[in-house]
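Visitor: Can you read through this structure? Questions will come right after.
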Number of protein chains: 2
Amino acid sequence: MQVLPVEGLPEVQPGDDLAGFISERFQLRSGDIVVLAQKVVSKAEGQVRDLRLVTVSEQARSLAAQIEGDPRIVQLILDESVRIVRQERILIVETKHGYVCANAGIDHSNVPGEDSVTLLPEDSDLSAERLRSQLRERSGAEVAVIVADTFGRAWRMGIENVALGVAGLPSLVDYRGQKDDFGQAMYATVIAVADELAASAELVMGKTARIPVAVVRGYTVEGPPGRGRDLIRPADLDLFR
Amino acid sequence: MQVLPVEGLPEVQPGDDLAGFISERFQLRSGDIVVLAQKVVSKAEGQVRDLRLVTVSEQARSLAAQIEGDPRIVQLILDESVRIVRQERILIVETKHGYVCANAGIDHSNVPGEDSVTLLPEDSDLSAERLRSQLRERSGAEVAVIVADTFGRAWRMGIENVALGVAGLPSLVDYRGQKDDFGQAMYATVIAVADELAASAELVMGKTARIPVAVVRGYTVEGPPGRGRDLIRPADLDLFR
């Protein structure tokens, strides 16, 4: 298995043909898995907000004072969220898409302009599916697509890249019911392969090197295609709400 | 970056020379990162228990009845743990090593003998350091080592490979204070690279293919070597105890 950076991408603007940019710079092959940082997808989709245009509510102002944050960003976080999970130093929220993450995935880094931030894509699975079609058109290759972002974790330090949107490959692979090498049924062995693929890709992206896209080549997995939303734990299976 | 399976390893017995087995089958190069599944390390270290020899306490018997588990395994889980974090269907515990995981990492699959289970290594960082020395002796190559296991996550479905023990490379890379591409200071951008490397390796290991070791080649990271224990979130920074 190889993990290859897609180098030389320009700064992406709303409306840009991201699939075209990638296809021009990287010879895609069928079976490749194209992993894109959420931020570049959000930029192409125009999911960028100007903080100077945000109207701050009383709730956002009060919350911002408590956590010593920018009231305008707190307002955007509240707009993107359905529930505050933890409020301490940062806001850990459940977003309207269902992700549990810090600051609703709103990000200020690597965005041009002091007052600009990116939101997560409206529907990362749809973004992945759309990019998959566009990459097929531009390159002729039948690829899979993952839209990824770095999230913090309970119990463990640091952030790790995870799959928000998935198209063209399983997001989870269920080994339950298969026999292991000694003939015993394995239990609770459902691997989040799309998250592991996102994690792999991050290693060649770097955070400052402006490589927001990587390609995983030579990974094969059986099973019906899944979605990023399959990786979101439903409330009734979540012991850590 | 390449992720390469180490194929053809025999079933490992307590006391086996795991580093020798790997070096004989795979031409290691300096800079390689050798990722080993915890289970094969535990087997080599004799961290295997015979369930028929377990004396079950009243506490374990009662807990096993509540979760409909095997009282002998529940006893071993309690022996390996300092705290039960959640108790529902499975036991999520904080192990004596500090990991928060299901069933204290005790595993019944891919272990020969119906009554045998593996425990986590006593000290995965020490295991990694020891393997690193042994691999240097056997192969002449200066490699890094990660001892990894698949853990469940809060909020997300499925399990993912993470780094328990680390030797010879940073476990976290801290980009805070570096400037991003637009000159803004990045915040909260500490990447758990050892976890991402563990995740990458899992993709070529498979769960039934008996490939418990993989090599990541071509990944470079700057910074002082870290340990697996750096990836454990200290209690005072943990909002989800």
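Visitor: Shortest first and in nm to one decimal, what separations exist between residue A:220 and its copies in the other chains, measuring from label points 7 Å along the Cα-to-beta-carbon line?
Guide: From this label point to the equivalent ones elsewhere in the assembly: 3.3 nm.
Visitor: Taking the label point 7 Å from Cα in the Cβ direction, how far apart in nm is residue B:62 from each other copy of itself, listed shortest first?
Guide: Copy-to-copy label distances at residue B:62, shortest first: 4.4 nm.
Visitor: Sticking with this one: Please report, for the Cα atoms of segment A:1-41, the Rg to one decimal and the Dmax as a whole number; what are they, in angstrom?
Guide: When restricted to the Cα atoms of segment A:1-41, Rg and Dmax are 10.7, 33 Å.
Visitor: If you don't mind, there's one more thing I want to ask. Quick one: compute the contact order of chain B, relative version, from alpha carbon pairs under 8 angstrom and 6+ residues apart, as a percent.
Guide: Numbers: 479 pairs, mean separation 62.5, N = 241.
After rounding, I find 26 percent.
Visitor: For residue A:85, enumerate residues with amide H under 5 Å from its amide H, sequence gap 5+ or separate chain, H modeled in the peptide plane.
Guide: Counting only residues 5 or more places away or on other chains, the set is A:92, A:93, A:94.
Visitor: Could you let me know the centre-to-centre spacing of segment B:2-60 and segment A:215-230, using Cα atoms, in angstrom?
Guide: 28
Visitor: How long are the semi-axes of the equivalent ellipsoid of the protein assembly as shown, defined as square roots of 5 times the Cα gyration tensor eigenvalues? Whole Å, largest first. Please list the in-between numbers first.
Guide: Details: eigenvalues 273, 146, 85 Å².
For the protein assembly as shown, the ellipsoid semi-axes come out as 37, 27, 21 Å.
Visitor: Counting only helical runs of four or more DSSP H residues, what would the 222 nm mean residue ellipticity of the protein assembly as shown come to if each run contributes -39,500 (n - 2.57) and the total is spread over all its residues? Present the calculation step by step, with values, prior to reporting the outcome.
Guide: Numbers: 12 runs with 128 residues, N = 482.
Calculated mean residue ellipticity at 222 nm is -8000 deg cm²/dmol.
Visitor: Let me ask something else. Kindly give the distances from residue B:13 to its copy-mates, label point to label point, with each label point 7 Å from Cα along Cα→Cβ, as nm values to one decimal ordered shortest first.
Guide: Nearest to farthest, the other copies are at 7.0 nm.
Visitor: Okay, next question. Could you give me the percent of Cα pairs per 5 Å distance bin for chain B, shortest bin first, beginning at zero and ending with the bin that holds the maximum distance?
Guide: Over chain B, the share of Cα pairs per 5 Å bin runs 1, 6, 13, 17, 18, 15, 12, 8, 5, 2, 1, 0, 0 percent.
Visitor: With θ set to phi - 60° and the Karplus curve 6.51 cos²θ - 1.76 cosθ + 1.60, what are the ³J(HN,Hα) couplings of segment B:145-150 in order, to the nearest whole Hz, using x for Gly and Pro?
Guide: So the J values, rounded to whole Hz, are 9, 10, 9, 10, 8, 8.
Visitor: Ok, one more. I need the phi-derived Karplus couplings for segment A:68-80: 6.51 cos²θ - 1.76 cosθ + 1.60, θ = phi - 60°, integer Hz, Gly and Pro marked x.
Guide: So the Karplus estimates, Gly and Pro as x, are 6, x, 6, x, 5, 5, 4, 4, 5, 4, 4, 4, 8 Hz.
Visitor: Treating only the Cα positions of segment B:27-89 as identical point scatterers, give the base-10 log of I(q)/I(0) from the Debye formula at each q in 0.21, 0.28 Å⁻¹.
Guide: -0.92, -1.18
Visitor: Average the reciprocal distances over every distinct pair of alpha-carbons in segment A:49-119, invert the result, and give the Kirkwood radius in Å. Don't skip to the end; give the middle numbers.
Guide: Details: mean 1/r = 0.0829 Å⁻¹.
When all Cα pairs of segment A:49-119 are included, the Kirkwood radius is 12.1 Å.
Coordinate-derived values only; no laboratory data. All figures in this text were calculated on a predicted structure; none of them were measured in a lab. Cβ: placed from backbone, ideal geometry, glycine included. Neighbour counts: every protein chain shown.
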